[in-house]
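Single-structure report; data block below.
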Amino acid sequence: MKRRRWQVPLGMALVLLLGAMPAHAVVRFQCPANLLTDGAGPGGVRLDPATGFPTGETDDPNVLCIHLTAGDGWVTMADKVKYPNPDPVNLPAGSGGWPQYIFGFASATGIPDNDVMMAGMLADVWSAPTLKVREGQDLYLTLTNVGMILRPDLFDPHSVHYHGFPNAAPIFDGVPDASTVAVPGASFTYFYHQVGPPDGDSAGTYMWHCHVEATEHMQMGMLGNLYVLPAQDGSTVGGCASQKYVFTDGDGSTCYDVDYPLQIVGFDQNFHDKHIAVQPLPFASMKDTYSMFNGRGYPDTTLGRDAIPAPVDRDGVPLNPDPFNPDGKPSQRMSALIEATAGQKVLLRISSLSSTSFHNIEVLGIPMTVVGKDAKILRSSTGTNMFYQTNSVSLGGGQTADAILDTTGIAPGTYFIYARELGHLNNFEERFGGMMTEIRISAP
């Protein structure tokens, strides 16, 4: 008994001592090469022409360096029921919608370390920045946790899980049970080597997300597109004029002209509303009421990359304020519109990170050939291609498909790609929306 009397105060003293020790958390972008700074993005770094996000390209072609922040913010849904409006039917796409509180990621590539915390607060985008890598490249991905500005009662760490990557180092896997995570106010840099010929292959469509408290953080929006380009790109294997391939196939059978990532995602409106209201979260009854491609519901899916304005409250005040932009920080920058010239082959990089449902994605009027699944070419052990033609692809959460649309002989016009389930073609209570976008074929 006497021993316990001094153990208690000693333990309390140790706790107080540890609490009084200075913190060593620091924001630090790690890259072994120099970023190419001839673009118009943060710090003048290059921008990806498809997504508009900084590419992280360096003066070493075998090295890619990307800096991301993780935090919270707001986005706007595609319905027109946000606030009472005398003429909601005639509101243009992108101008209405229910605001949703999210957790998310933002690009910080090229931003000086001392400015990253301020730049990353309330800057999250939905979908998260698209990551595009090449076979043979080393990817250095720094994640900085800027904290939950709208939920200061939370101290959640965050991670990057490169879903489907054959990770030889568990510390970079992002699963919190076995690897390191980024705590608020600190950075952690992940390293991935994209294996390429002759050592193997890693080309294809993947996805990435936060794996901390995965059900909650994925439902809240910490999801993004990711794909690896093959080493075969830039050659004319099989007479491929575009010199673009889905995989290092050796025969040109996966040649395409233009590619578009389409990520299947969804929000449960009730889950998000209870989160910002600091109420118990309805995990058991979670059901997506907003089904989307690339973070947008139809018709917003067809708008341009930066066409959706920053979310505002009922008085028009920006929900994601920006000291340098009176309109606030835009948070849905990625379009899901598919455009091609008749005769081109269109690669759809379809991935699903739905946390609640399976989806059947259908295209009518344009022949579709599935050439790969889960970042692997459909090929037998004897080298026979197992490609198949179809008009629909079924995916569950965590699965991907590489499908090529052949527009040869297709009349110019507008076609649709959509979820076959009627319940996924709504923007919450508003019908005719949800998981659908347009394929616009123009004359050559």
Answer yes or no: is there a residue in the range 372-392 that is among the β-branched types (V, I, T), touching a Leu at 6+ places or on another chain (Cβ under 9 Å) and part of a strand (DSSP E or B).
-> no
The correct count of residues that are surrounded by 12 or more Cβ atoms within 10 Å (Cβ to Cβ) and hydroxyl-bearing (S, T, Y) in the range 369-399 is 4
Quick check: anything in the range 114-127 buried (at least 24 other Cβ atoms within 10 Å of the Cβ), of a type in the set (S, T, N, Q) and not in a loop (DSSP other than H, G, I, E, B)?
-> no
If S159 satisfies every condition in (1) free of Cβ contacts under 8 Å to residues at least 60 places away in the same chain; (2) open to solvent by 40 Å² or more (accessible area, probe 1.4 Å) but one, which is the exception?
-> (2)
So is V228 at pLDDT 95 or above, assigned to a loop (DSSP other than H, G, I, E, B), crowded, with 19+ Cβ neighbours inside 10 Å and of a type outside the set (F, W, Y) or not?
-> no
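Here is a yes/no grid of residues against (1) farther than 30 Å from G316 by Cβ; (2) at pLDDT 95 or above; (3) buried (at least 19 other Cβ atoms within 10 Å of the Cβ); (4) of a type outside the set (S, T, Y):
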{"residue": "A23", "(1), (2), (3), (4)": "yes, no, no, yes"}
{"residue": "N34", "(1), (2), (3), (4)": "yes, yes, no, yes"}
{"residue": "D38", "(1), (2), (3), (4)": "yes, no, no, yes"}
{"residue": "G44", "(1), (2), (3), (4)": "yes, no, no, yes"}
{"residue": "N62", "(1), (2), (3), (4)": "yes, yes, no, yes"}
{"residue": "P84", "(1), (2), (3), (4)": "no, no, no, yes"}
{"residue": "T109", "(1), (2), (3), (4)": "yes, yes, yes, no"}
Scan the range 403-422 for residues that are in contact (Cβ under 8 Å) with a residue 40 or more places away in the chain and either farther than 26 Å from L378 by Cβ or hydroxyl-bearing (S, T, Y) (or both) and report the count.
-> 6
Residue pairs qualifying under the 7 Å Cβ cut-off, at least six apart or on distinct chains, with the first in the range 221-245 being of a type in the set (S, T, N, Q) and the second being surrounded by 24 or more Cβ atoms within 10 Å (Cβ to Cβ) and in a loop (DSSP other than H, G, I, E, B), are N225/S127
Do you know which residues across the range 292-307 are touching a residue at least 40 places away in the same chain (Cβ under 8 Å) and open to solvent by 10 Å² or more (accessible area, probe 1.4 Å)?
-> Y298, P299, T302, L303, R305, D306, A307
Could you please give the count of residues in the range 43-80 that are within 19 Å of the chain's Cα centre (by Cα) and touching a residue at least 40 places away in the same chain (Cβ under 8 Å)?
-> 23
Assess whether R431 counts as being at pLDDT 95 or above and open to solvent by 10 Å² or more (accessible area, probe 1.4 Å).
-> no
Quick one: how many residues across the range 126-148 are farther than 15 Å from H217 by Cβ and either of a type outside the set (A, V, I, L, M, F, W, C) or at pLDDT below 95 (or both)?
-> 11
Conditions (1) at pLDDT 95 or above; (2) open to solvent by less than 60 Å² (accessible area, probe 1.4 Å); (3) within 26 Å of the chain's Cα centre (by Cα); (4) not aliphatic (A, V, I, L, M) -> E421 fails only (1)
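The values are calculated or read from the model by the stated rules, or taken from the named source; none is laboratory data. Everything quoted here is computed from the prediction, not taken from an experiment. So basically every Cβ, Gly included, is an ideal-geometry build from the backbone, and we count neighbours across all protein chains shown. Note: areas computed on protein heavy atoms with side chains; ligands, DNA, RNA excluded. Shrake-Rupley method; radii C 1.70, N 1.55, O 1.52, S 1.80 Å.
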